[in-house]
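Everything on this sheet refers to the single structure shown next.
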Amino acid sequence: EDYEVLLVNNNAAAVFLVLNTFSKNKQTIVSRAELVEIGGGFRIPEVMSNSSAVLCEVGTTNKTRISDYEKAINDQSAILMKVHQSNFSIIGFTEEASLEEIVTLGKEKGLVSYYDLGSGILNKLNYSKNENTIQELCQKGLDVISFSTDKLIGSIQGGIILAKKELMQQLKQNQLLRMLRAD
C-alpha cells in the first residue's frame, strides 16, 4: 500500500487530528479494552470528545470480536479504531479483533480503518518479537496509522500519521493542522 506521511507535534496531536478530520460529529468504534490512558493523563475517551468524535465502545474489557464492531455500525459510523495497549496487557481469557479483520470490515462498510500504534518500532527488537513493525503494519492495508517519533524510534518529540493518499489530502485540509503540525 502507498502511504503519505504527515508530521505533527506528538501522537496525541495525531490522534486528535485523525479523529477530528474523519469522525467529527460521527461515530468512532473502538474496543472497551483499548480505551487507554498513557503518560500525562492522555485518555482516548477525552481526546475523542475534544475532537468532536462520538465514542462507541464495543465488546468487554477482556473480549472484543469483529462481530461487536459490525453490530455497532450505523449511518453515523466513520472510523473503526484500534488502539495499542502500550503500557499494559490483559492476559488470560481474552480475545480481540485482528487488524486484518478491522481492515476488511472497514472496506466492506466504507469506513476508515485506523490504528493508534502509540510507539512505533522500525525493526524487531529482542523484547518486541510479537510487535508489528511500522512496515509490517503498512502491509496490512490500514487506511491510517499514527505513532510517536520520540519513544522507540528515539527521535525528538513528534507524531507521524501515515495515511492513504486520498485520506491524507483531507488531513492536510483540516484547519487544525496549522496548530498541530511540527514547526
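The values are calculated or read from the model by the stated rules, or taken from the named source; none is laboratory data. What you see is a predicted model, and the numbers here were worked out from it, not measured in a lab. Glycine also receives a Cβ, built like all others from the backbone with ideal geometry; neighbour counts cover every protein chain displayed. Quick note on the areas: whole protein, heavy atoms, side chains included, nothing else; ligands and nucleic acids left out. Shrake-Rupley method; radii C 1.70, N 1.55, O 1.52, S 1.80 Å.
Yes/no matrix, rows are residues, columns are (1) at pLDDT 95 or above; (2) of a type in the set (S, T, N, Q):
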{"site": "29", "(1), (2)": "yes, no"}
{"site": "34", "(1), (2)": "no, no"}
{"site": "39", "(1), (2)": "no, no"}
{"site": "43", "(1), (2)": "no, no"}
{"site": "46", "(1), (2)": "no, no"}
{"site": "52", "(1), (2)": "yes, yes"}
{"site": "58", "(1), (2)": "yes, no"}
{"site": "65", "(1), (2)": "yes, no"}
When you look at residue 59, is it out of contact with any helix residue (DSSP H, G or I) (no Cβ under 9 Å at 6 or more places or on another chain) and free of Cβ contacts under 8 Å to residues at least 40 places away in the same chain, yes or no?
no
Of all helices (runs of 4 or more DSSP H) completely enclosed by the range 10-94, which ones contain at least 2 residues that are open to solvent by 40 Å² or more (accessible area, probe 1.4 Å)?
44-51, 66-72
Any chance residue 122 is of a type in the set (A, V, I, L, M) and surrounded by 13 or more Cβ atoms within 10 Å (Cβ to Cβ)
no
Identify all residues within the range 29-51 that are under 25 Å from residue 170 (Cα atoms) and touching a Ser or Thr at 6+ places or on another chain (Cβ under 8 Å); write none if there are none.
29, 48, 51
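Being at pLDDT below 90 and not small (Gly, Ala, Ser) is the filter; apply it to the range 139-161 and report the residue that is farthest from the chain's Cα centre (by Cα). Lay out the reasoning, then the answer.
Residues of the range 139-161 that are at pLDDT below 90, as a first pass: 148-158.
Filter again for not small (Gly, Ala, Ser), leaving 149-153, 156-157.
Numbers: 149: 15, 150: 17, 151: 17, 152: 17, 153: 18, 156: 21, 157: 18 Å.
By that ranking, first place goes to 156.
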Odd one out for residue 5 among (1) open to solvent by 10 Å² or more (accessible area, probe 1.4 Å); (2) within 16 Å of residue 143 (Cβ to Cβ); (3) in a helix (DSSP H, G or I); (4) not charged (D, E, K, R)
(3)
Residue hits (the range 162-183; outside any loop (DSSP other than H, G, I, E, B), in contact with a helix residue (DSSP H, G or I) (Cβ under 6 Å, 6 or more places away or on another chain) and either of a type outside the set (A, V, I, L, M, F, W, C) or at pLDDT below 90 (or both)) are 170
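Quick check: is even one residue across the range 26-42 among the acidic types (Asp, Glu) and over 29 Å from residue 157 (Cα atoms)? Give the steps one after another, and end with the answer.
We begin by selecting, within the range 26-42, every residue among the acidic types (Asp, Glu); these are 34, 37.
Now drop any that are not over 29 Å from residue 157 (Cα atoms), which leaves none.
No, every residue in the range 26-42 fails to be among the acidic types (Asp, Glu) and over 29 Å from residue 157 (Cα atoms).
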Might you check whether a residue that is in contact (Cβ under 8 Å) with a residue 60 or more places away in the chain and in contact with a Lys or Arg (Cβ under 9 Å, 6 or more places away or on another chain) occurs anywhere in the range 78-86?
yes
